[in-house]
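The values are calculated or read from the model by the stated rules, or taken from the named source; none is laboratory data. What you see is a predicted model; the values in this text were computed from it and never measured. When we count neighbours, we look across all protein chains shown, and the Cβ atoms used for this are built from the backbone with ideal geometry, even at glycine. Note: areas computed on protein heavy atoms with side chains; ligands, DNA, RNA excluded. Shrake-Rupley method; radii C 1.70, N 1.55, O 1.52, S 1.80 Å.
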Amino acid sequence: MNFQDIAKVAEHAAREGGRVLEEWSKKFTVSEKRRADLVTEADFSSQTAIHTLLREKFPTHGFLGEEGLSAEGEDTDYRWIIDPLDGTGNYVHRFPYYGVSIALEYQSELVVGVVYDPNRDELFSATKGGGTTLNGQTISVSENDTLDQSMVMASLPVTPDPSNPAVARFLNVLPRAQSVQRTGSAALNLSNVAAGRLDGFWSTSLKPWDMAAGVLLVREAGGKVSKIDNSEFAVDAPDLLATNGLQLHQEIQQYLK
Ligand code: IPD
Ligand code: CA
Ligand code: CA
């Protein structure tokens with residue numbers, strides 16, 4: 001199966017995850033993994049639905065999912081990275097900004113990325129070298145190249161102490177951008193950078209499942225992803241800066257030091 005065909009399966013699984021989230025939306029209960037880090041039955045059920053579908057098609061692949069899913073496959077070339085509900089805090093408060101994120105690595109490189117937003121029925125999909133689509137239409141990053149003309153977003157740690165360097169970085173960008181937002185779903189933020197609705201996004205506290213799919217969406221839509229010090233992005237490291245790839249990347253980067 002080529003990566004395009006594999007992406008179709010991932011798209012189906014992401015929609016199925018989204019359906020499960022909506023099914024649970026009127027009956028879920030909330031638990032805390034640690035203070036303010038929430039999880040619901042929807043997170044687990046969505047993960048089970050996605051994993052079941054993918055495992056059926058790709059029984060030899062490896063899997064990494066936020067809700068305790070870690071399985072090394074017989075075929076170690078392939079690893080799926082799944083966030084069955086990115087934006088659980090938003091989901092719990094019924095703030096409609098959350099989604100499902102599914103990525104595939106082949107030989108440690110991101111080759112398929114799919115994010116589904118069930119509230120807007122938006123399916124973002126990318127394959128390595130194949131571009132990024134939103135509901136089947138090709139999308140690309142924005143053209144704003146200065147921070148004072150840009151809307152940018154950050155993900156901060158869940159309950160950061162005011163002395164946390166992530167807070168200092170946020171405050172440093174605040175007066176320089178046209179707008180700085182914090183919205184609670186890294187996967188959707190990256191999708192929106194890919195769609196040109198947002199010019200940049202950074203964080204220093206992400207997990208592989210928050211960003212793997214979104215990173216490919218941004219790259220394939222013509223954007224740039226690096227660590228915040230401009231070195232090469234790594235899915236297993238916690239930080240990233242994703243932008244439209246213009247001069248804006250360097251401009252933001254200098255305020256994140
Ligand atoms: C969270 C979101 C949020 C980020 C947090 C993540 P979750 O994911 O991606 O944007 O700031 O660090 O934990 O827990 O809702 O899947
Ligand atoms: Ca997440
Ligand atoms: Ca999650």
**Study point:** Nearest-ten-degree value, helix 3-24 long axis tilted from longest Cα axis of the chain
**Key:** 90 degrees
Point to revise | Environment charge of Glu66, counting only residues whose C-beta is closer than 13 Å and scoring Lys/Arg +1, Asp/Glu -1 | key: -4
Check your understanding: So for the pair His93, Leu171, with labels modelled 7 Å out along Cα→Cβ, what separation do we get in nm?
Key -> 2.2 nm
Point to revise | Surface per residue (accessible, 1.4 Å probe) for segment 99-257, Å² | key: 39 Å²
Revision key, fill the gap. Under a Gaussian network model of the chain whose springs join Cα atoms within less than 10 Å, the largest fluctuation of Glu56, Glu72, Glu41 belongs to Glu56
Check your understanding: What's the carbon and sulfur percent of the chain's accessible surface, probe 1.4 angstrom, rounded to a whole number?
Key -> 46 percent
Review point. If the label point is 7 Å along Cα→Cβ of Asp145, which residues in segment 204-244 have backbone nitrogen under 17 Å from it?
Key: 222-224, 243-244
Study note, to complete from the structure: XL table Lys27/Lys57; Lys27/Lys207; Lys33/Lys257; Lys128/Lys207; Cα-Cα > 25 Å flagged, in table order, is Lys27/Lys57; Lys27/Lys207; Lys33/Lys257
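What FRET efficiency would be calculated for the residue pair Thr60, Asn135, taking the C-beta separation as r and a Förster radius of 25 Å, to the nearest 0.05? Kindly include the intermediate steps, with their values, before the conclusion.
Numbers: r = 31 Å, r/R0 = 1.24.
Result of the calculation: an efficiency of 0.20.
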